[in-house]
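A.B. asks: I'd like to ask some things about the structure below.
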Amino acid sequence: MLDLRFVVENRERVLETLRQRGLSVEQVLAQGDPWALDAERRRLLQRVEELRHRQRLAGEEIARRGKAREDASGLKAEMKGVAEEIKELEALLQDVQARLDHVLLLLPNVPDPSVPVGADASANQEVRRVGEPRRFDFTPKAHWDLGPELGILDFDRAAKISGARFAVYFEAGARLERALIQFMLDLHTRQRGYREVIPPYLVTAETLLGTGQLPKFEAELFKTRAGEKDLYLIPTAEVPLTALHRDEILEAADLPRKYVAFTPCFRSEAGSYGQDVRGLIRQHQFHKVELVKLTAPEASLSELESMVADAEEVLKRLQLPYRVIVLCTGDMGFWSAKTYDLEVWLPGQGLYREISSCSTCTDYQSRRSSIRYRPAPKEKPRFVHTLNGSGLAVGRTFIAILENYQQADGSVVIPEALRPYMDGRERITRGQ
RNA sequence: GGAGAGGUGGCCGAGUGGUUGAAGGCGCCGGUCUUGAAAACCGGAGACCCGCAAGGGUCCGCAGGUUCAAAUCCUGUCCUCUCCGCCA
């Protein structure tokens, strides 16, 4: 969430952010006016603190008179009234605070000044293109044809077992998926300085509140129930990784903190009916290697650039053509201040498709989650900046390999970088 | 799942309802001593929030309750540990 003080002091900027993101100002303010609520909160708080101070002093006096065997009944009676007044004011305060918190959670992050302003994806800007799309002397197929034909992907049986938006991987398919995971983890841990983590895949509502998925995006999540307990399946490892240091104060020397995790991700994809229904593009369950960094505010933007480079390195080594896009204000995620997408070329579909998204969330998540660091000994703690990025989405990388490395006979050549992870195998062919 | 124990400052650990924001120890910081360090001795310091400051407020897992007053009493809840059962 945004800093209350920032909101109070930068009313125009906050309203502008809502507009730039294509959100309705009226609709958000209908949930509560943060400026009016804050004024009310201050008024109540001041009064409560004053009474509490009186109560404390009177307590000491009563104790003193008790020892000295003096009468304190009048003071006690008076304090009873004060205690009641405090209770009443606190109830009011709690209500105002709750309403204020509620609105604050619904305000999105303020975009970085370098982000292009625009209403939707059409205002996104291409930053660079890397690699040349290969020329085919035959018509390249889409992975949803290639995979089943090779016997390594089975959507029909997945539908039988679990319904739409699931896939079964067989043999070389399963092996390729596993090789990609291993390859990416090795790259990020050995050469890019990330610490490997296996986090929980089920998290509490509180954790999701900290990263921003709740309360606004509950529909996208799978919720589980076991007895009295509600837990959510993670939509991305960003959630547990960012939450690792919730309620902690880190040392400046510990920054940047860099984590990489391979996890399955679960998304309900509510509201995407009819979109990307074929193939692996949009599944309820998919694999991702996720990068997360906690940094000092000053380092945020440069760390974002280097994170994008980390994700790009995977594509470069797999020799997949891609482009880098900077998302405009209207297309960015709710809690992001700046986002780069990597889009890989998919010849079977003739388009560039998102395969990674790297963002800095500045202090939006760290404030919600209370993740701080101490700039120097004795100094006041400050909120860290949180960054996250896919490094990469494994399923979509799988797609890219199938489509980019397909041969006229329907086989798929395995990129050299992956061969060590597949027993030196060079090619996936039907029936092997 | 059953039975029990417990959650206090960076860590360990004491705490009779009222100068206890909290003894003591470890660790930490400063000093004495030493060529330097260690040891020893002396002194200092809880955290967070608001505030330029003075100062104020909050915090003994969390949330309620009793009371003039709660770390201390009551209720609920979460978590941890031990034993038993089950299980990858």
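The values are calculated or read from the model by the stated rules, or taken from the named source; none is laboratory data. Everything quoted here is computed from the prediction, not taken from an experiment. Heads up, the Cβs are rebuilt from the backbone with ideal geometry, glycines too, and the neighbour counts pull from every protein chain shown.
A.B. asks: Which of the following residues is free of Cβ contacts under 8 Å to residues at least 40 places away in the same chain, assigned to a strand (DSSP E or B) and not aliphatic (A, V, I, L, M): A:TYR373, A:TYR340, A:TYR352?
C.D. replies: Values: A:TYR373 fails: free of Cβ contacts under 8 Å to residues at least 40 places away in the same chain; A:TYR340 fails: free of Cβ contacts under 8 Å to residues at least 40 places away in the same chain.
Answer to the check: A:TYR352.
A.B. asks: Suppose we filter A:ARG282, A:ARG323, A:ARG317 for residues that are among the charged types (D, E, K, R) and within 25 Å of A:LYS223 (Cα to Cα); which single one remains?
C.D. replies: Numbers: A:ARG323 fails: within 25 Å of A:LYS223 (Cα to Cα); A:ARG317 fails: within 25 Å of A:LYS223 (Cα to Cα).
Going through A:ARG282, A:ARG323, A:ARG317 in turn, just one is among the charged types (D, E, K, R) and within 25 Å of A:LYS223 (Cα to Cα): A:ARG282.
A.B. asks: Mind telling me which of the residues A:ARG21, A:ARG43, A:ARG47, A:ARG13 ends up being touching a residue at least 12 places away in the same chain (Cβ under 8 Å) and closer than 21 Å to A:GLN94 by Cα?
C.D. replies: Working: A:ARG21 fails: closer than 21 Å to A:GLN94 by Cα; A:ARG43 fails: touching a residue at least 12 places away in the same chain (Cβ under 8 Å); A:ARG13 fails: closer than 21 Å to A:GLN94 by Cα.
From the options A:ARG21, A:ARG43, A:ARG47, A:ARG13, the qualifying one is A:ARG47.
A.B. asks: Additional query: Name every residue in segment A:68-94 that is more than 8 Å from RNA strand B (Cβ to nearest atom) and over 30 Å from A:ALA39 (Cα atoms), in order of residue number.
C.D. replies: A:ALA68, A:ARG69, A:GLU70, A:ASP71, A:SER73, A:GLY74
A.B. asks: OK, next. Return the only residue of A:LEU176, A:LEU180, A:LEU185, A:LEU208 being surrounded by 16 or more Cβ atoms within 10 Å (Cβ to Cβ), closer than 20 Å to A:GLU220 by Cβ and of a type outside the set (Ser, Thr, Tyr). Quick ask: steps written out before the conclusion?
C.D. replies: Numbers: A:LEU176 fails: closer than 20 Å to A:GLU220 by Cβ; A:LEU180 fails: closer than 20 Å to A:GLU220 by Cβ; A:LEU185 fails: closer than 20 Å to A:GLU220 by Cβ.
Checking each option against the conditions leaves just A:LEU208.
A.B. asks: Quick one: what pairs do we get from segment A:157-169, first residue within 15 Å of A:ARG282 (Cβ to Cβ), second surrounded by 13 or more Cβ atoms within 10 Å (Cβ to Cβ) and of a type in the set (Val, Ile, Thr), C-beta under 6 Å, 6+ apart or different chains?
C.D. replies: The qualifying pairs are A:ALA158/A:VAL168.
A.B. asks: For a quick check of your reading: which strands (runs of 3 or more DSSP E) sit entirely within segment A:162-263 and have at least 1 residues that are closer than 22 Å to A:THR360 by Cβ and not acidic (Asp, Glu)? Show your work before the answer.
C.D. replies: On the way: elements: A:195-197, A:223-226, A:229-233, A:248-251.
Counting at least 1 such residues, we get A:195-197, A:248-251.
A.B. asks: Looking at segment A:187-229, which of its residues are away from RNA strand B (no atom under 16 Å from the Cβ), among the aromatic types (Phe, Trp, Tyr) and at pLDDT below 95?
C.D. replies: A:PHE217, A:PHE222
Each row is one residue, and each column tells you yes or no for (1) in contact with a Leu (Cβ under 6 Å, 6 or more places away or on another chain); (2) within 11 Å of RNA strand B (Cβ to nearest atom); (3) more than 30 Å from A:SER300 (Cβ to Cβ); (4) among the polar types (S, T, N, Q).
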residue: A:LEU51; (1), (2), (3), (4): no, yes, yes, no
residue: A:GLY59; (1), (2), (3), (4): no, yes, yes, no
residue: A:ALA98; (1), (2), (3), (4): no, yes, yes, no
residue: A:PRO116; (1), (2), (3), (4): no, no, no, no
residue: A:SER122; (1), (2), (3), (4): no, no, no, yes
residue: A:GLN125; (1), (2), (3), (4): no, no, no, yes
residue: A:GLY131; (1), (2), (3), (4): no, no, no, no
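A.B. asks: Right, A:ARG425: at pLDDT below 95 and of a type outside the set (Gly, Ala, Ser) or not? Please lay out each step first, then the result.
C.D. replies: Values: at pLDDT below 95: no; of a type outside the set (Gly, Ala, Ser): yes.
The answer is no for A:ARG425.
A.B. asks: Please find, among A:ARG425, A:ARG353, the residue that is of a type outside the set (Val, Ile, Thr), under 28 Å from the mean Cα position of the chain (by Cα) and surrounded by 14 or more Cβ atoms within 10 Å (Cβ to Cβ). Let's see the steps before the verdict.
C.D. replies: Numbers: A:ARG425 fails: under 28 Å from the mean Cα position of the chain (by Cα).
None of the other options fit; the residue is A:ARG353.
A.B. asks: Return the only residue of A:GLN275, A:GLN319 being part of a loop (DSSP other than H, G, I, E, B) and at negative phi.
C.D. replies: Numbers: A:GLN319 fails: at negative phi.
When all the criteria are applied, what remains is A:GLN275.
A.B. asks: Further question on the same structure: If I ask for residues that are away from RNA strand B (no atom under 16 Å from the Cβ), surrounded by fewer than 18 Cβ atoms within 10 Å (Cβ to Cβ) and closer than 30 Å to A:THR242 by Cβ, which ones from segment A:382-417 would you list?
C.D. replies: Correct list: A:ALA417 only.
A.B. asks: Here is a follow-up. Spot the failing condition for A:GLU379; the list is (1) within 16 Å of RNA strand B (Cβ to nearest atom); (2) under 14 Å from the mean Cα position of the chain (by Cα), and only one is missed.
C.D. replies: With (1) within 16 Å of RNA strand B (Cβ to nearest atom); (2) under 14 Å from the mean Cα position of the chain (by Cα) applied to A:GLU379, the lone miss is (2).
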